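S.K.: The following block contains the structure, expressed as structure tokens.
The values are calculated or read from the model by the stated rules, or taken from the named source; none is laboratory data. These numbers were taken from a predicted model, which means no experiment stands behind them. Every residue, glycine among them, receives a Cβ derived from its backbone with ideal geometry; neighbour counts consider all protein chains shown.
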Amino acid sequence: MIFEQLKPQVEAITSKKSSVDERLFEICQLLEKHIHYYNWVGFYFRNRNKEELKLGPYVGTPTDHTIIPFGKGICGQVAVSNQNFVVPDVSVQDNYIACSMTVKAEIVIPIFVNGKNIGQIDIDSNTPDPFTEADERFLEFVTQKVSEILQ
Ligand code: SME
């Protein structure tokens, strides 16, 4: 199972001495490279004390959505719900922000530091309905490791 092979690689990246942004970027690269249905992988973080998310490191097509207000789109909804959000088919979501016409599905997993939702990992897929609970468990592992370097 690819996820079990990737976990030690995620840990190897998070334990490096490089900057947080470099390590987050390497995680994006790792996931996008090895999981064929992960086509855009990025991090959003709360922008200081504002009610908005700001784009962090990412891999994939550049997006205009570098700032997302809380409540808007899939990402903005996760900022307020504190829950994983798996979207098998983005075309039937009414509160969705399209970044690219090729995207069919999306998964967003929140990142908690000391119990506070401080950001999220966001993945877009060009494959319809590709995500399973195994993706959620794996991405929860990733967000936990990221949380440890943001403490
Ligand atoms: N689709 C997201 C916006 C971010 S892009 O996927 C990079 C959303 O609806 O929040």
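S.K.: Can you name the residue in the range 96-128 that is of a type in the set (D, E, K, R) and within 13 Å of the ligand (Cβ to nearest atom) and is also farthest from the chain's Cα centre (by Cα) among such residues?
M.R.: 104
S.K.: Okay, moving on. Kindly state which strands (runs of 3 or more DSSP E) lie completely within the range 69-151 and contain at least 2 residues that are under 16 Å from residue 54 (Cβ atoms).
M.R.: By residue number, 105-113, 116-125.
S.K.: Now a separate question. State whether the residues of the range 89-98 include one that is crowded, with 20+ Cβ neighbours inside 10 Å, of a type outside the set (Gly, Ala, Ser) and either at pLDDT 95 or above or touching a Lys or Arg at 6+ places or on another chain (Cβ under 6 Å) (or both).
M.R.: Checked the range 89-98: no residue is crowded, with 20+ Cβ neighbours inside 10 Å, of a type outside the set (Gly, Ala, Ser) and either at pLDDT 95 or above or touching a Lys or Arg at 6+ places or on another chain (Cβ under 6 Å) (or both).
Residues are listed down the side, and each one gets a yes or a no for (1) among the hydroxyl-bearing types (Ser, Thr, Tyr); (2) surrounded by 13 or more Cβ atoms within 10 Å (Cβ to Cβ):
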{"position": "38", "(1), (2)": "yes, yes"}
{"position": "51", "(1), (2)": "no, no"}
{"position": "77", "(1), (2)": "no, yes"}
{"position": "131", "(1), (2)": "no, yes"}
